[in-house]
């Protein structure tokens, strides 16, 4: 019986992931293609973009406004080049969850770390291939609680960390960057 729930969970994860990418792909319009990366626009007036990197929808960057920012494009291009660890991780967790629901607790933390890693890898791709660093005018909060909250609630490491020189050096792990940010 547990394997049936596991299979159902896996099908739900794949279905949700692929259907959400299909929705974004077909609601957006094609603007251009660079190499094997298609660039599309879904004008919802939000200054952001996302990369489609699933089984059926790959190598596509969708901008959420008509303004195509080249720096954001290079970051998202990095996502199209990377293996989608998070997708595979979600499938693994979905298959194991019916066996023991306590898996969900560490799964959230591991999933968050994988997301940070994928975002950092995309930032490193843009830096190494195009010499693009993330720039922001967001100030680092004085409060450790506020900094921790920003780490937890954002899909990327915080802006003030992404701007630092050491963020672009692979010898500094994300854990080290997190601890340094929280305790300095």
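The values are calculated or read from the model by the stated rules, or taken from the named source; none is laboratory data. Small disclaimer: the values here were computed from a predicted structure and weren't measured. Neighbour counts run over all protein chains shown; Cβ positions are idealised from the backbone, glycine included.
Figures for the structure shown
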{"item": "Subset tally (residues that are part of a loop (DSSP other than H, G, I, E, B), within 14 Å of the chain's Cα centre (by Cα) and either surrounded by 17 or more Cβ atoms within 10 Å (Cβ to Cβ) or at pLDDT 95 or above (or both)) for segment 83-110", "result": "1"}
{"item": "Residue tally, condition farther than 30 Å from residue 100 by Cβ and within 20 Å of the chain's Cα centre (by Cα), over segment 1-35", "result": "5"}
{"item": "From the options 5, 63, residue that is surrounded by fewer than 16 Cβ atoms within 10 Å (Cβ to Cβ) and either closer than 26 Å to residue 159 by Cα or out of contact with any strand residue (DSSP E or B) (no Cβ under 8 Å at 6 or more places or on another chain) (or both)", "result": "5"}
{"item": "Given (1) within 26 Å of residue 56 (Cβ to Cβ); (2) in a loop (DSSP other than H, G, I, E, B), index of the condition residue 122 fails", "result": "(2)"}
{"item": "Which numbered condition residue 156 misses (of (1) free of Cβ contacts under 8 Å to residues at least 60 places away in the same chain; (2) in a helix (DSSP H, G or I); (3) within 30 Å of residue 16 (Cβ to Cβ))", "result": "(2)"}
{"item": "Out of 170, 139, 180, sole residue that is assigned to a helix (DSSP H, G or I) and loosely packed, with under 15 Cβ neighbours inside 10 Å", "result": "180"}
{"item": "The listed residue being crowded, with 17+ Cβ neighbours inside 10 Å and either free of Cβ contacts under 8 Å to residues at least 40 places away in the same chain or over 14 Å from residue 169 (Cα atoms) (or both), out of 146, 119", "result": "119"}
{"item": "Residue pairs meeting the criteria (Cβ under 7 Å; at least 6 apart or on separate chains; first without any contact (Cβ under 8 Å) to a residue 12 or more places away in the chain, in segment 64-80; second assigned to a helix (DSSP H, G or I))", "result": "none"}
{"item": "Meets criteria (modelled with pLDDT of 90 or more, part of a loop (DSSP other than H, G, I, E, B) and under 30 Å from residue 30 (Cβ atoms)) for residue 133", "result": "yes"}
{"item": "For residue 5: the one exception among (1) out of contact with any helix residue (DSSP H, G or I) (no Cβ under 7 Å at 6 or more places or on another chain); (2) closer than 19 Å to residue 79 by Cα; (3) assigned to a helix (DSSP H, G or I)", "result": "(2)"}
{"item": "Hits in segment 37-53 - residues which are surrounded by fewer than 18 Cβ atoms within 10 Å (Cβ to Cβ) and closer than 17 Å to residue 86 by Cβ", "result": "50"}
